[in-house]
Amino acid sequence: MIVDTRLVYLYLVLFLFINLNFSPEAQASSAEKPNKHAIIHTSMGDINIELYAHDAPITVANFIAYIKDSAYKGGEFYRVVRSDNDQGTPQIAVIQGRAHPQHIDFAPIPIETTQYTSRKHQDGTLSMARGGPNTATQEFFICVGDQPALDFGGKRNPDGLGFAAFGRVTSGMDIVRRIQQNRNTKSVEEPYIKDQILAQPIEIQAITLSK
């Protein structure tokens, strides 16, 4: 059953990628897609989010596939970045979440940059964590304050592509900020994330789609 779900997901992503890049008709019809809504249930309270199904269809389809596979049940917000613990340049302010550690990731997705979507990294924006281009899977982050360094052409990532913004917090930013202010971190070997990894991550009990 798991294999079948992943194959369906893979075909969906490929279909969206091909049509969005090569079919004007598909791009026109995608404008009719309504945005989706979901709730991130955490041990500190609920965070309500809106997903940009129209502007970032591949990224949203990927996120929803993980939600439907119960990937975030038992996940966690494990990384907090603030001006006082950020070793990167330019500095940013975010909290980063991930799926349950035993969940097997789907294939990485193409990056829908802010140049393509026109969705910027503003206060409360949800975006996909990544390493190189087209490597995002299930990890995501929420911006605390505006973060233009994460947009296309921003200097935070050396490749200049920025990150894929795909939604926003509609309520619950007070919880996001409380998570970000958590200073109970653990020692790590990598200097880049020093004082950013929580000793006791905030549990993501589940992410559920709203009707």
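The values are calculated or read from the model by the stated rules, or taken from the named source; none is laboratory data. These numbers were taken from a predicted model, which means no experiment stands behind them. As a convention, Cβ positions derive from the backbone with ideal geometry for all residues, glycine included, and neighbour counts pool all protein chains shown. Accessible surface is based on the protein model in full, side chains and every heavy atom, while ligands, DNA and RNA are left aside. Shrake-Rupley method; radii C 1.70, N 1.55, O 1.52, S 1.80 Å.
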- Message: Taking the Cα centre as origin and putting +1 on Lys and Arg beta-carbons and -1 on Asp and Glu beta-carbons, what dipole magnitude results for segment 30-169, to the nearest 20 debye?
- Response: 80
- Message: Ordering Met128, Met173 by accessible area with a probe of 1.4 Å, largest first, what comes out?
- Response: Met173, Met128
- Other residues with Cβ under 10 Å from the Cβ of Gln138 give, with Lys and Arg +1 and Asp and Glu -1, a net charge of -2
- For Arg156, tell me the accessible area in Å² from a 1.4 Å probe, rounded to the nearest 10. 30
- Task: Normalise the Debye intensity by I(0) for segment 34-109, one equal point scatterer per Cα, no solvent, then take log10 at q = 0.18, 0.25 Å⁻¹ and round to two decimals.
- Result: -0.92, -1.21
- Message: Is the C-alpha gyration tensor of segment 142-208 telling us rounded, prolate or oblate? Criteria: a/c under 1.5 is rounded; beyond that, a/b larger than b/c is prolate, otherwise oblate.
- Response: oblate
- Query: With every protein chain in place, what's the accessible area of His100 (1.4 Å probe, Å², nearest 10)?
  - Reply: 60
- Query: Any idea what the dipole of segment 104-196 comes to, in debye rounded to 20, about its Cα centre with Lys/Arg Cβ at +1 and Asp/Glu Cβ at -1?
  - Reply: 240
- Determine the shape class of segment 77-211: with a ≥ b ≥ c the square roots of the Cα gyration tensor eigenvalues, call it rounded for a/c under 1.5, and otherwise prolate if a/b is greater than b/c, oblate otherwise. rounded
- Accessible area, probe 1.4 Å, largest first, for residues Arg119, Arg79, Arg178: Arg178, Arg119, Arg79
- Message: Once you order the gyration tensor axes a ≥ b ≥ c over the Cα atoms, which shape class does segment 86-160 get: rounded for a/c under 1.5, otherwise prolate or oblate by comparing a/b with b/c?
- Response: prolate
- Item | Protection proxy ranking of 49-61, 194-206, 131-143 - average other beta-carbon atoms within 10 Å, highest first | 49-61, 131-143, 194-206
